[in-house]
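Dropping the structure in here first, questions after.
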Ligand SMILES: [Zn+2]
Ligand SMILES: [Zn+2]
C-alpha cells in the first residue's frame, strides 16, 4: 500500500510504502476512497499544541514513525477478518475514527471518543492518507448510503465535532438564544445542526465578513463582528439580556473571552476549537453568574449515527469540497496552514 507519512515532526509528509495489512479477527481492511485534510493534522505534524504563555502540549506520544495521519476516512470494504461480521466486500462506509480501548469504563458506557487508551485512526494508529486502512471492528463502519463520498469522511470530524457541541448547548437554550463564535468548517456544521435541532434564535460571530454572510445564508438569525467594540452590547440587547449558550468553535484566548462574556446567568460557555491560548477569570464569577464552562471533544459512536440520520434527512448542506490526489497531501497541509483553503480538501488515494 502507498501512504503519505510523517517521517519527522515539523517536516513535510513523504511517500512511503508498506505491505497491505491482512485483517485478522474482527478487523476490516478498507480501500480508502476519500480522506479529508483536517486542521488538527497540523498540530500532529508540529508535534504540539500551543497552550499560551509560551507553553506547549507535546502530542508526539509514542507514535511510531513513519506514521500516517488522516482521520476523515471513507472507503469500500476490501477484505474481512474471519470474525468480522455484518459488512460485505465492496460496501461503502465512513470509518468512525475516535476508537477507544473497548474495555474501560468510558468505552463501556459508550464514550469511546474520551478513552484514555485510544486507538484513533490517523492519530494514534495509522490512518487514511493511504490507499488502505485497517479498522479494528465492523461496528466502527457507518453506513453512508445517500451521502456524497467526499463529505462522508469530514462528517466524522467536523460534522461530529459540530454535532457533539450543539447537543451540549441545547439544554441551556431554555436560558436564552445560542451564540456560535467562529464560522470555519466546524462552526458551519454546528450552525446547521443547531438550525435542525432548535427553533431558538441563533447568533453567529465571526471576524470575516464573507463568513458572516455565509452564516445568514445558512439560517443564522443575526450576525456580529467580534472586532466591533459594540458587538458584546449588541448581543446582550438582541438576546434580551444574554445568550443561553455560547459555543466557541475557534478556541483561542480572544475568542473565548468574547464568547463567554454575553452568556446569561445559568447559561453555558462551551469550548470546541483548539486554536490555543490561556484564560483566567475571578473564581467568584462562576457562582455569581451560575456559569457552566465546558469543553466538547468530537462525539460518541451513538452520536455519529444520530448525526448521519440528520444528514441523510437533508438537514445539512455539504461544505465546499476540493478533491486532490494522495501525492498532494503534504501540499494540502501547507495550504491549510497558510489559510488558503475554503471548505475542505479531500484526498482521493
Ligand atoms: Zn479532522
Ligand atoms: Zn477505553
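To one decimal place, what Kirkwood hydrodynamic radius in Å is obtained for region 44-146 from all pairs of distinct Cα atoms?
Hydrodynamic radius (Kirkwood, Cα pairs) of region 44-146 is 15.1 Å.
Can you tell me the length gained on complete extension of the stretch residue 238 to residue 17, counting 0.36 nm per residue apart and subtracting the Cα distance?
Separation in residues times 0.36 nm, less the Cα-Cα distance, equals 73.9 nm.
If packing is taken as the average count of other Cβ atoms within 10 Å, what order do 322-333, 177-188 fall into, highest mean first?
Details: 322-333: 17.6, 177-188: 26.8.
Packing order, densest peptide first, comes out as 177-188, 322-333.
Moving on to the next point. Specify the inter-centroid distance of region 287-349 and region 175-204, based on alpha-carbon positions, in whole Å.
The distance from the Cα centre of region 287-349 to that of region 175-204 comes to 15 Å.
Quick one: if the Förster radius is 35 Å, what FRET efficiency do residue 209 and residue 24 give, using the C-beta to C-beta distance and rounding to 0.05?
According to the calculation, E is roughly 0.10.
By how many degrees, 0 to 90 and rounded to 10, does the Cα axis of helix 301-312 deviate from the longest principal axis of the chain?
It is inclined by approximately 80 degrees.
What number, rounded to the nearest 500 deg cm²/dmol, is the helix-based mean residue ellipticity at 222 nm of the chain, given -39500 (n - 2.57) per DSSP H run of at least four residues and division by all its residues?
On the way: 11 runs with 91 residues, N = 349.
That calculation yields -7000 deg cm²/dmol at 222 nm.
Under the 0.36 nm per residue contour assumption, what length would be gained going from the current alpha-carbon distance of residue 292 and residue 338 to full extension?
Value of the extension gain: 13.1 nm.
Run through the DSSP bridge list for the chain and note the antiparallel percent, rounded to the nearest 5.
55
Here is a further query. Give, in whole angstrom and from largest to smallest, the semi-axes √(5λ) of the equivalent ellipsoid of region 204-307, with λ running over the eigenvalues of the Cα gyration tensor.
Ellipsoid semi-axes (Å, largest first): 21, 20, 14.
If each residue's Cβ is checked for other Cβ atoms within 10 Å, how do 150, 306 rank with the fewest at the top?
Least crowded to most crowded, the residues run 306, 150.
Under the 0.36 nm per residue contour assumption, what length would be gained going from the current alpha-carbon distance of residue 305 and residue 265 to full extension?
On the way: separation 40, 0.36 × 40 = 14.40 nm, distance 3.32 nm.
My answer for the length gained is 11.1 nm.
Taking one equal scatterer on every alpha-carbon of the chain, how large is log10 of I(q)/I(0) by Debye at q = 0.12 1/Å?
Evaluating at q = 0.12 Å⁻¹ gives log10 I(q)/I(0) of -0.86.
Can you sort 199, 41 so the residue with the fewest Cβ neighbours within 10 Å comes first?
Arranged by neighbour count, lowest to highest, 199, 41 become 199, 41.
Here is a follow-up. Calculate, for residue 62 and residue 348, the FRET efficiency according to 1/(1 + (r/R0)^6) with r their C-beta to C-beta distance and R0 45 Å; round to the nearest 0.05. Intermediate values should be presented prior to the final figure.
On the way: r = 30 Å, r/R0 = 0.68.
Between residue 62 and residue 348 the formula returns 0.90.
Further question: Taking the 0 to 90 degree range and rounding to the nearest ten, how far is the long axis of helix 160-169 tilted relative to the main principal axis of the chain, both from C-alpha atoms?
Taking Cα atoms only, the helix is inclined about 30 degrees.
Round to a whole angstrom and tell me the spacing of the C-alpha centers of region 90-126 and region 28-75.
Using only Cα atoms, the two centres lie 15 Å from each other.
Can you tell me which of 129, 93, 140 moves the most in a GNM of the chain? Springs connect C-alpha atoms under 10 Å apart.
Judging by the Gaussian network model, the answer is 140.
Rank the residues 202, 293 as a footprinting-exposure proxy: fewest other Cβ atoms within 10 Å of their Cβ go first.
293, 202
What percent do you get for the relative contact order of region 63-204 when only Cα pairs under 8 Å and 6+ apart count?
24
Given all pairs of different Cα atoms, what value in angstroms does the Kirkwood hydrodynamic radius of region 92-149 take? Don't jump to the answer; show the numbers that get you there.
Working: mean 1/r = 0.0826 Å⁻¹.
With all distinct Cα pairs of region 92-149 included, I get 12.1 Å.
Taken together, the values in this text are just the output of simple stated rules run on the coordinates, not laboratory data. Being a predicted model, the structure only gives us computed values, none of them experimental. Virtual Cβ from ideal backbone geometry, glycine too; neighbours counted across all protein chains shown.
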